[in-house]
Structure formats: structure tokens, C-alpha cells
1. Across segment 64-77, what is the number of residues that are surrounded by 14 or more Cβ atoms within 10 Å (Cβ to Cβ) and small (G, A, S)?
2. Do the conditions hold for V117, that is, is it surrounded by fewer than 11 Cβ atoms within 10 Å (Cβ to Cβ) and either touching a strand residue (DSSP E or B) at 6+ places or on another chain (Cβ under 7 Å) or modelled with pLDDT of 90 or more (or both)?
3. Is it true that some residue in segment 83-93 is part of a helix (DSSP H, G or I) and of a type outside the set (F, W, Y)?
4. Please specify each residue of segment 78-93 satisfying the condition of being of a type outside the set (A, V, I, L, M, F, W, C) and surrounded by 14 or more Cβ atoms within 10 Å (Cβ to Cβ).
5. Scan (1) in contact (Cβ under 8 Å) with a residue 12 or more places away in the chain; (2) in contact with a Lys or Arg (Cβ under 7 Å, 6 or more places away or on another chain) for the single condition K72 breaks and write down its number.
6. Pairs, please: C-beta under 6 Å, at least 6 apart or cross-chain, first residue under 12 Å from L66 (Cβ atoms) and in segment 33-51, second of a type outside the set (V, I, T) and surrounded by fewer than 16 Cβ atoms within 10 Å (Cβ to Cβ)?
7. Which one of these is over 18 Å from the mean Cα position of the chain (by Cα) and either within 17 Å of E76 (Cα to Cα) or surrounded by 10 or more Cβ atoms within 10 Å (Cβ to Cβ) (or both): A45, A59, A41, A22?
Amino acid sequence: MTKLETLNLPDVPSVDPTDVSATLNDLTKRWTLPVLQSLGAKEPARFNELKRKIEGISATSLSERLAGLEKKGIVERMVYPETPPRVEYIMTKKGWEFYNLLNEFADWAAKWEQENVSHQEVNQFNFRQVN
């Protein structure tokens, strides 16, 4: 019996590693995680609200990240026919599912970091803490 067999892991369908790698590259670009964290803390959110919350992000970077997340179906851009026009961003069902995965990952990282690093301060990005 192999080490993997002793873990009793469920069978999962085979996944093309190229697809997974491309998705992870898109979703872990700089500023993407802070944008998701800010949207998870308060939605709907307007562009300038997000820009104020995410320290150091430029308007160009925020616009690019939001457009990329919208293209992936993680964020929805809602335009209201008002004068002046009002635009808000919300996470889609797919976005919330990804957000929850990130929280689980943060919990996993904290658990194992605490076991591996005794008496050292751990710097982690926690999606449950909002500044």
C-alpha cells in the first residue's frame, strides 16, 4: 500500500494541469486577492470604494483586475441608468465559492504554519480580516 492509499483520499476525475495552472495564474495576479477580500467584506462596492480600501492600488490596476474577474465570471459589474451613471461590483456565485476556498486555504496555511514555526510571528493574508 502506498502512502497516498493510506490517506483515504477520494477519487477525483483527472484534470488537465495546464487548465489548473492557467486559472491559478489568472486568479493570483497581483492585486486580485485584495480586490476579492474587499468585495467579500462589503458588496456591492463602487470603484472608488474599492480603490480607497486597497492601499497602494492604482486605478489602472484595479480596473484591470475587475475586468479580468468579470471575464472569468467571478465578479459582476452592474451599471445603473442614472445621471451620473452608477456602477457597482458584486461577486457572483462562482466568486463566493472561490472566496470560500481562499478562506479554507487561509485556515489550512495558518494551521500548518503554526505547527511548523514555533514562537515566530506568522504573516498571513486572512480573508476573514478586513482593515
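1. Matching residues across segment 64-77 total 1.
2. Details: surrounded by fewer than 11 Cβ atoms within 10 Å (Cβ to Cβ): yes; either touching a strand residue (DSSP E or B) at 6+ places or on another chain (Cβ under 7 Å) or modelled with pLDDT of 90 or more (or both): no.
Judged against the criteria, V117 is not a match.
3. Within segment 83-93, the first condition is being part of a helix (DSSP H, G or I), and the residues that meet it are 93.
Filter once more, keeping what is of a type outside the set (F, W, Y): 93.
Looking for residues that are part of a helix (DSSP H, G or I) and of a type outside the set (F, W, Y), one finds at least one in segment 83-93, hence yes.
4. Here is the first cut: in segment 78-93, the ones of a type outside the set (A, V, I, L, M, F, W, C) are 80-86, 88-89, 92-93.
Once the filter is applied, which keeps residues that are of a type outside the set (A, V, I, L, M, F, W, C) and surrounded by 14 or more Cβ atoms within 10 Å (Cβ to Cβ), segment 78-93 yields E88, Y89, T92.
5. (2)
6. R46/E88
7. Details: A45 fails: over 18 Å from the mean Cα position of the chain (by Cα); A41 fails: over 18 Å from the mean Cα position of the chain (by Cα); A22 fails: over 18 Å from the mean Cα position of the chain (by Cα).
The conditions single out A59.
The values are calculated or read from the model by the stated rules, or taken from the named source; none is laboratory data. These numbers come from a predicted model, not from an experiment. Neighbour counts are summed over all protein chains in view; Cβ atoms, including those assigned to glycine, are modelled from backbone coordinates with ideal geometry.
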